[in-house]
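Notes for the one structure printed next.
The values are calculated or read from the model by the stated rules, or taken from the named source; none is laboratory data. Just so it is clear, the model here is predicted, and its values are computed rather than measured. Here the Cβ positions follow ideal geometry from the backbone for every residue, glycine too, while neighbour counts run over all protein chains shown. Quick note on the areas: whole protein, heavy atoms, side chains included, nothing else; ligands and nucleic acids left out. Shrake-Rupley method; radii C 1.70, N 1.55, O 1.52, S 1.80 Å.
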Amino acid sequence: MARRPGLLTVDELRSQIEGGEVDTVVVAITDMQGRLQGKRLAARYFLEEVLSHGTEGCNYLMAVDVDMNTVDGYAMSSWERGYGDFVMAPDYDSLRPIPWLPGSALVLADVLWEDETPVLPSPRQILRRQVDRLSERGLAAMVGTELEFIVFNDSYEQAFDLGYRDLQPANQYNVDYSILGTSRIEPLLRRIRVEMEQAGLYCESAKGECNFGQHEIAFRFDDALTTCDNHVIYKTGAKEIAAQEGVSLTFMAKFNEREGNSCHIHISLRGNGTHGLADGEPVMAGDADSYGLSTLGQQFIAGQIARLRELTLFYAPNINSYKRFVPGSFAPTTVAWGRDNRTCALRLVGHGQSLRIENRVPGGDINPYLAVSALIAAGLDGIDRGLDLEEALAGNAYQADLPSVPHTMHDALQLWQESEFATSSFGADVVDHYANMARVELASYNSTVTDWELRRNFERF
């Protein structure tokens, strides 16, 4: 397979370091919250000491809350276990320059214990396991993620000082598909598009969205792991570029009462050259029904429907995630599928080789490795059990008498904990780990006095 433009080989990196073009190498892992965490290493030190065996980091990076507080309940990391190190093992297929940070290169790393066994709750390892399960059946997943964000004219520091209230959006009205609206902030959007291309991503387009200051930059689909790697690099890089421009942007699922930030995920299956399937052969398309689906394609979607509710914790990982699920908001509330129907949780789009299913449940706050892992696991369940696909929903899914997407993190957590399927697919250690993450967030939220409570209670009670 040809190397993607923008990526580096180790030899190219060594040459750039020796030539003085690169002086810093960032080694980063993705944490539970989907953020890049790691170290900036002096380039010479990277070549002499880290290149061959990786580097280390405290194992609490997979056992803290969003504020980096140490919390109880994690089996792999605690005060009792001493908060030791794990290994960050660079994956040199991900090596690339960071065009928006002069003299810098980036490599993503897998998380291993000192005996080189994987740290199972690591999001990248969770996805690797699901990709391997697909491969065992002769299949590979092609994935695309569509991240929306809201841009503000305030810097991140100004936004912090304002308590993230009364911020000025970059657009003051709905700019969905508006060329004029995107032109207003094209210098920022162009920087992000161009510099992501230089970092090895394949940019497709940028467009305005519905909320004030809301936009989306779309990148071409790729294999599941590559897409998730690109997703976290783009998300971090977009914030870094915005900060350099003196503005801020947020991917949070629901910033205000208007439209939230979605992250629709498109997924299709192809052959991997084994089990009688040609490499790259589309396998979801066929003539088994009037929608152009094959029998395997029907089963894959049926698995998504059957397992969506119990896997919602991987699609909606935060308290704020569930505030997107409002009828009539283009965020789904009903577990249903339809042909090009944006009211459904699952939307079938494309034809022939481009036929794919779009999961509309995730918001901009997802950890992509976890969400895509859930999609693969659910689809495999449908294939392995030979599930029949129910009729596509025609009409308004918001008004359909069908099971609902869980409305709260508490409901999603309960479904996740009770799911024998989740345990069999991901392992008890992973289920327990992310259940604890949800419990920590719920406990923090439930103990916080909000602005809403102050407004309603300060004078009136």
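Key figures for this structure:
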quantity	calculated
Close pairs from segment 344-366: first more than 21 Å from G303 (Cβ to Cβ) and open to solvent by less than 10 Å² (accessible area, probe 1.4 Å), partner of a type in the set (S, T, N, Q) and not in a loop (DSSP other than H, G, I, E, B), Cβ under 6 Å, at least 6 apart	G363/S262; G363/S321
D381 vs. criteria on the phi > 0 side of the Ramachandran plot and either in contact (Cβ under 8 Å) with a residue 40 or more places away in the chain or acidic (D, E) (or both)	no
Within segment 120-157, considering residues that are without any contact (Cβ under 8 Å) to a residue 60 or more places away in the chain and in a helix (DSSP H, G or I), the one farthest from the chain's Cα centre (by Cα)	E157
Residue match in segment 262-271 (condition: open to solvent by 40 Å² or more (accessible area, probe 1.4 Å) and either farther than 25 Å from A374 by Cα or not aliphatic (A, V, I, L, M) (or both))	yes
Long-range neighbours under 7 Å by Cβ, at least six apart or interchain, first residue at negative phi and among the polar types (S, T, N, Q) within segment 164-187, second open to solvent by less than 60 Å² (accessible area, probe 1.4 Å) and in a helix (DSSP H, G or I)	N171/G181; T182/L189
Residues that are touching a residue at least 40 places away in the same chain (Cβ under 8 Å), buried (at least 20 other Cβ atoms within 10 Å of the Cβ) and part of a helix (DSSP H, G or I), drawn from segment 1-42	L13
Some residue of segment 250-258 being at positive phi and in a loop (DSSP other than H, G, I, E, B)	no
Q299 being in contact with a Gly (Cβ under 7 Å, 6 or more places away or on another chain), open to solvent by 30 Å² or more (accessible area, probe 1.4 Å) and within 15 Å of L346 (Cα to Cα)	yes
Condition check for D365: more than 17 Å from the chain's Cα centre (by Cα) and of a type in the set (D, E)	no
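Okay, residues lined up against (1) open to solvent by 10 Å² or more (accessible area, probe 1.4 Å); (2) assigned to a helix (DSSP H, G or I):
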| site | (1), (2) |
| --- | --- |
| G200 | no, no |
| A206 | yes, no |
| C210 | yes, no |
| Y234 | no, yes |
| K239 | yes, yes |
| A243 | yes, yes |
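Each row is one residue, and each column tells you yes or no for (1) at pLDDT below 95; (2) polar (S, T, N, Q); (3) assigned to a strand (DSSP E or B).
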| position | (1), (2), (3) |
| --- | --- |
| H264 | no, no, yes |
| R270 | no, no, yes |
| S290 | yes, yes, no |
| I305 | no, no, no |
| E310 | no, no, no |
| P317 | no, no, no |
| T343 | no, yes, no |
